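Below: the structure, in structure tokens.
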Amino acid sequence: MVTMELTYYGHSCFKVKTKDLVLVIDPFDPNKLGIKLPKLEADVLLLTHDHFDHSYKAGVSGYRLLIDGPGEYELSGVDIVGIPVDHDEEHGSVRGKNTMYYIESEGVSVLHCGDLGHELDDATLAKFGEVTALMLPIGGVYTIGPEQAAKVVSSIEPSFVVPMHYKIDGSKIADLGTLAKFLDEMGVDAQNGTKLDKLKLSSSDSELETKVVVLERQ
């Protein structure tokens, strides 16, 4: 039985749909970023940090709860934990702070890392449980790059890894690394890797070995 469904809209923007709730994470300003953002509706809007490509509130309507920082939240049977991390390797002194969101419902959990700028230490790893699907930046420059991302995957051991925040045709942030570099780091053939329009998750997925899933931008 499907408990969560992930849809990707480009850059770091996702919709997470549960049985009773719709959450949107990190909508971007399409005019500044240069790629299209469809009209989105949600019950919960989550922002990992206050940069234009992650915090475009005007792109989402209908939400009754806005979460934009660390803390513990619960709504309609969905538990959300905001975990503080840094946007860089200098304790946030270069690019500031960032919040990762751990979202759990009915035995399925996802972790959206926002603009994570460093590997995760044991103290941070202890703040969340098993991860069914990990949404992870891989493009470097402003976040961790392919090598660090692969190490984060190893430290978490999720069932699925969904790469984000990499170079996309039309984006005005043109200096990000490519998806192919991360796939190569993970030992995945770019031509034969798993590509989906949506990722549907169930509690049985927790038994799977880590698999990279590339979600097509909707």
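Here are the numbers:
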item: Residues being polar (S, T, N, Q), surrounded by fewer than 23 Cβ atoms within 10 Å (Cβ to Cβ) and part of a loop (DSSP other than H, G, I, E, B) - total across the range 1-13; result: 1
item: Strands (runs of 3 or more DSSP E) within the range 70-185 that include 3 or more residues aromatic (Phe, Trp, Tyr), more than 15 Å from LYS211 (Cα to Cα) and within 17 Å of the chain's Cα centre (by Cα); result: none
item: From the options ILE138, ILE156, residue that is over 24 Å from PRO27 (Cα atoms), touching a Leu at 6+ places or on another chain (Cβ under 9 Å) and among the β-branched types (Val, Ile, Thr); result: ILE156
item: Number of positions in the range 14-53 that are in a strand (DSSP E or B) and in contact (Cβ under 8 Å) with a residue 40 or more places away in the chain; result: 5
item: Which listed residue, of GLY77, GLY10, GLY69, is in contact (Cβ under 8 Å) with a residue 60 or more places away in the chain and among the small types (Gly, Ala, Ser); result: GLY10
item: Selection from the range 139-170 of residues that are among the hydrophobic types (A, V, I, L, M, F, W, C), in contact with a Gly (Cβ under 7 Å, 6 or more places away or on another chain) and touching a residue at least 60 places away in the same chain (Cβ under 8 Å); result: ILE168
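Bear in mind that the values in this text are calculations on the coordinates, not laboratory data. As the structure is a computational prediction, the values presented were derived from the model and not from experiment. Because the Cβ atoms are built from the backbone with ideal geometry, glycine has one as well, and the counts that use them run over all protein chains shown.
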